[in-house]
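Structure record follows, encoded as structure tokens.
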Amino acid sequence: MVSDLPKVLHRIGGRPLLDHVLATASRLGAATRLVVYGHGGEAVKAAFADEKDVIWVEQTEQLGTGHAVAQAIPSLDAAGVVLVLYGDVPLIQPETLDPLVAEARQGRLALLTVELADPSGYGRIVRDDQGRVQRIVEEKDATPSERCLCEINTGILAVSTDKLQGWVAELDNDNAQGEYYLTDIIALAVRDDVPVEAFSVTEPAEVQGVNDRKQLAELERFYQSQQAEVLLLNGATLLDPARVDIRGAVITGKDVIIDVNVVFEGVVRLGDRVRVGPCCVLRDAIIGDDVEIFSHCRIESAEVGTGAQIGPFARLRPDARLAAGVHIGNFVEIKKTSIGPGSKVNHLTYIGDAEIGSNVNVGAGTITCNYDGANKHKTVIDDNAFIGSNSSLVAPVRIGKGATVGAGSSVSRDVPDGSLCLTRAPRKEVANWARPVKPKKD
């Protein structure tokens with residue numbers, strides 16, 4: 001990966017590779033999730049500190065997959081079934097794995113295979129004349145005829161713990177790589193007359209591992225195509241499905257339209273008839289019905305009411321709550337503020353730590369001066385107030401109902417209901433004023 005970051009912490013869909021695998025195990029109903037780790041393992045454990053039910057087992061020497069599984073066996077339920085997954089194979093789906101677990105519960109060994117047009121580098125599945133799996137041969141140990149086989153081993157298998165324990169104890173490293181191959185247990189199962197059931201996955205990307213940035217990018221695109229397909233099937237219109245990124249979950253209502261280069265993070269809910277313009281980022285947001293979000297907006301941990309209009313080039317920071325019909329215009333930033341129905345903040349404005357009533361108009365260039373260098377303070381603007389352009393509201397301050405703040409004012413005291421507040425300096429004109437000029441050079 002050419003990276004200081006452990007491979008399984010690189011991300012697809014905004015989540016570490018290992019997180020995808022652990023989530024799949026949970027969806028399968030795993031009683032125990034056990035991670036065997038080696039290089040960089042402490043960083044991996046720290047990244048998953050909130051996963052309290054994961055058992056971590058260190059593999060101090062990297063001696064192959066069979067050796068890795070051997071480290072885990074003492075922590076496994078002897079009466080249970082083991083499903084072996086890989087932290088760098090993130091997109092395997094529970095429905096693909098269900099049949100393997102079911103076969104293992106019946107006393108069989110189940111493995112997952114895939115047919116590749118170019119199987120170079122992978123272990124091949126060797127079958128007998130009746131098509132029964134006999135063994136797996138790694139490419140370095142394969143004969144020329146075996147290398148012509150296109151069915152390859154994914155490494156994913158399921159088997160009872162007691163059988164696995166016995167076979168792993170028999171593994172040796174007499175092979176070209178000097179490693180203990182977990183795949184050698186297939187031949188041991190055949191020897192012991194344990195049925196081996198092979199299931200072939202239809203989508204190779206499900207079992208694709210990540211070994212470099214190119215493969216990471218390829219799986220990211222596949223993952224995003226899957227997410228886009230879900231949105232399309234749920235009734236959303238994507239103007240270009242290849243140019244939408246989902247790094248979390250998106251719940252859409254009816255007749256939603258999403259333009260190009262939109263990024264969704266966390267959990268985003270879009271109501272009916274929402275339109276999202278190009279190049280927007282929405283994270284952990286709730287968007288009401290009939291909202292239009294124009295291009296290049298960022299909305300994070302915010303809630304937008306029915307019929308609101310946002311942007312272009314607007315930013316809603318955490319705890320921004322907009323009621324129905326609110327207009328937020330270009331180059332406006334809203335933070336930790338509630339804005340009442342029908343109010344407008346349309347141009348070049350910062351509003352933070354504020355409470356704005358209904359039908360308020362905030363003019364261009366207005367800011368709430370909410371931070372004194374140590375503490376944040378609140379600004380309250382009551383219903384039907386009008387804030388003139390280029391005004392500074394120095395919190396804590398209240399602008400009363402129906403009050404007007406004249407353009408260019410700096411307001412540091414409360415403004416009573418219905419009154420006009422002006423704090424401009426008196427105009428001064430100097431007649432026949434001579435503009436300074438640079439002295440002439442000799």
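The values are calculated or read from the model by the stated rules, or taken from the named source; none is laboratory data. The structure presented is a predicted model; accordingly, all values stated were derived computationally and were not measured. All Cβ positions, even for glycine, are placed from backbone atoms using ideal geometry, and neighbour counts span all protein chains on display.
Filtered by the rule that a residue be among the basic types (Lys, Arg) and in a strand (DSSP E or B), region 384-442 gives a lone residue, Arg398. Somewhere in region 71-93, is a residue more than 19 Å from Ile185 (Cβ to Cβ), of a type in the set (A, V, I, L, M, F, W, C) and free of Cβ contacts under 8 Å to residues at least 12 places away in the same chain? Checking region 71-93: not a single residue is more than 19 Å from Ile185 (Cβ to Cβ), of a type in the set (A, V, I, L, M, F, W, C) and free of Cβ contacts under 8 Å to residues at least 12 places away in the same chain. Among the residues of region 271-314, those identified as part of a strand (DSSP E or B), within 18 Å of Asp255 (Cβ to Cβ) and not β-branched (Val, Ile, Thr) are Arg275, Leu282, Glu292, Gln309. Screening Ser225 on (1) farther than 19 Å from Arg15 by Cβ; (2) touching a helix residue (DSSP H, G or I) at 6+ places or on another chain (Cβ under 8 Å) shows it passes everything except condition (1).
Hey, any hits in region 365-381 for a residue that's in contact with a Lys or Arg (Cβ under 6 Å, 6 or more places away or on another chain) and not in a loop (DSSP other than H, G, I, E, B)?
Going through region 365-381, the residues in contact with a Lys or Arg (Cβ under 6 Å, 6 or more places away or on another chain) turn out to be 370, 380.
Adding the requirement that they be not in a loop (DSSP other than H, G, I, E, B) leaves 380.
Checked region 365-381: at least one residue is in contact with a Lys or Arg (Cβ under 6 Å, 6 or more places away or on another chain) and not in a loop (DSSP other than H, G, I, E, B).
Against the test of being touching a Ser or Thr at 6+ places or on another chain (Cβ under 6 Å), within 22 Å of Leu97 (Cβ to Cβ) and hydrophobic (A, V, I, L, M, F, W, C), the options Ala198, Ala205, Ala158, Ala189 yield a single qualifying residue, Ala198.
Tell me which residues, restricted to region 267-316, are of a type in the set (Gly, Ala, Ser) and closer than 22 Å to Gly352 by Cβ. Give the steps one after another, and end with the answer.
First, the residues of region 267-316 that are of a type in the set (Gly, Ala, Ser): 271, 277, 285, 288, 295, 301-302, 305, 307-308, 311, 314.
Matches in region 267-316: Ala285, Ser301, Ala302, Gly305, Ala308, Gly311, Ala314.
Please verify whether Gly178 is over 22 Å from Leu97 (Cα atoms) and assigned to a helix (DSSP H, G or I), treating the condition exactly as stated. Full working, then the answer.
Numbers: over 22 Å from Leu97 (Cα atoms): yes; assigned to a helix (DSSP H, G or I): no.
In short, no.
You will find that of Leu231, Leu282, Leu270, the residue that is closer than 30 Å to Pro6 by Cα, buried (at least 19 other Cβ atoms within 10 Å of the Cβ) and hydrophobic (A, V, I, L, M, F, W, C) is Leu282 and no other.
Filter region 58-68 for residues that are without any contact (Cβ under 8 Å) to a residue 40 or more places away in the chain and surrounded by 17 or more Cβ atoms within 10 Å (Cβ to Cβ) and give the result. Answer for region 58-68, where residues must be without any contact (Cβ under 8 Å) to a residue 40 or more places away in the chain and surrounded by 17 or more Cβ atoms within 10 Å (Cβ to Cβ): just Gln59. Based on what the data block shows, is Thr32 of a type outside the set (Lys, Arg), more than 23 Å from Arg283 (Cα to Cα) and either surrounded by 16 or more Cβ atoms within 10 Å (Cβ to Cβ) or touching a helix residue (DSSP H, G or I) at 6+ places or on another chain (Cβ under 7 Å) (or both)? In short, no.
Name the residue that is nearest to the chain's Cα centre (by Cα), counting only residues in region 21-45 that are among the charged types (D, E, K, R) and over 20 Å from Gly80 (Cα atoms). Please lay out each step first, then the result.
Going through region 21-45, the residues among the charged types (D, E, K, R) turn out to be 27, 33, 42, 45.
When the remaining residues are screened for being over 20 Å from Gly80 (Cα atoms), the result is 42, 45.
Details: Glu42: 23, Lys45: 19 Å.
It comes out as Lys45.
Would you mind finding the one in Gly311, Gly305, Gly365 that is over 28 Å from the mean Cα position of the chain (by Cα) and either farther than 20 Å from Ser392 by Cα or surrounded by fewer than 21 Cβ atoms within 10 Å (Cβ to Cβ) (or both)?
Working: Gly311 fails: over 28 Å from the mean Cα position of the chain (by Cα); Gly305 fails: over 28 Å from the mean Cα position of the chain (by Cα).
From the options Gly311, Gly305, Gly365, the qualifying one is Gly365.
Filtering region 155-175 to residues that are outside any loop (DSSP other than H, G, I, E, B) and among the charged types (D, E, K, R) leaves Asp162, Lys163, Glu170. Within region 109-165, the residues that satisfy the criterion of being of a type in the set (Ser, Thr, Tyr) and either closer than 25 Å to Pro94 by Cα or outside the structural domain of Ile73 (by TED's automatic domain parsing) (or both) are Thr113, Tyr122, Thr154, Ser160, Thr161.
When every residue of region 169-182 is checked against the conditions, none turns out to be on the phi > 0 side of the Ramachandran plot, in contact (Cβ under 8 Å) with a residue 60 or more places away in the chain, in contact with a helix residue (DSSP H, G or I) (Cβ under 8 Å, 6 or more places away or on another chain) and not hydroxyl-bearing (Ser, Thr, Tyr).
Inside region 184-197, can you point out the residues that are in a helix (DSSP H, G or I), touching a residue at least 12 places away in the same chain (Cβ under 8 Å) and of a type outside the set (Asp, Glu)?
If the condition is that a residue be in a helix (DSSP H, G or I), touching a residue at least 12 places away in the same chain (Cβ under 8 Å) and of a type outside the set (Asp, Glu), then Ile185, Ile186, Ala187, Leu188, Ala189, Val190 are the ones that fit.
Number of residues in region 198-227 that are crowded, with 18+ Cβ neighbours inside 10 Å and not in a helix (DSSP H, G or I): the value is 5.
Return yes when Val230 is assigned to a helix (DSSP H, G or I) and in the same structural domain as Lys335 (by TED's automatic domain parsing) and no when it is not.
Details: assigned to a helix (DSSP H, G or I): yes; in the same structural domain as Lys335 (by TED's automatic domain parsing): yes.
So Val230 fits the description; yes.
If I filter region 46-61 for residues that are under 12 Å from Leu164 (Cα atoms) and over 22 Å from the mean Cα position of the chain (by Cα), do I get at least one hit? No; the residues of region 46-61 include none that is under 12 Å from Leu164 (Cα atoms) and over 22 Å from the mean Cα position of the chain (by Cα). Would you check if there is a residue in region 374-389 being surrounded by fewer than 18 Cβ atoms within 10 Å (Cβ to Cβ), on the phi > 0 side of the Ramachandran plot and either in the same structural domain as Ser409 (by TED's automatic domain parsing) or at pLDDT below 95 (or both)? No, every residue in region 374-389 fails to be surrounded by fewer than 18 Cβ atoms within 10 Å (Cβ to Cβ), on the phi > 0 side of the Ramachandran plot and either in the same structural domain as Ser409 (by TED's automatic domain parsing) or at pLDDT below 95 (or both).
For region 340-360, give me the residue count where each residue is in a strand (DSSP E or B) and more than 25 Å from Asp372 (Cα to Cα).
Quick first cut of region 340-360, residues in a strand (DSSP E or B) only: 344-356.
Remaining after also requiring more than 25 Å from Asp372 (Cα to Cα): 344, 346.
The total comes to 2.
Yes or no: Ile328 among the hydrophobic types (A, V, I, L, M, F, W, C), assigned to a strand (DSSP E or B), modelled with pLDDT of 95 or more and within 23 Å of Arg273 (Cβ to Cβ)? When the stated conditions are applied, Ile328 passes them.
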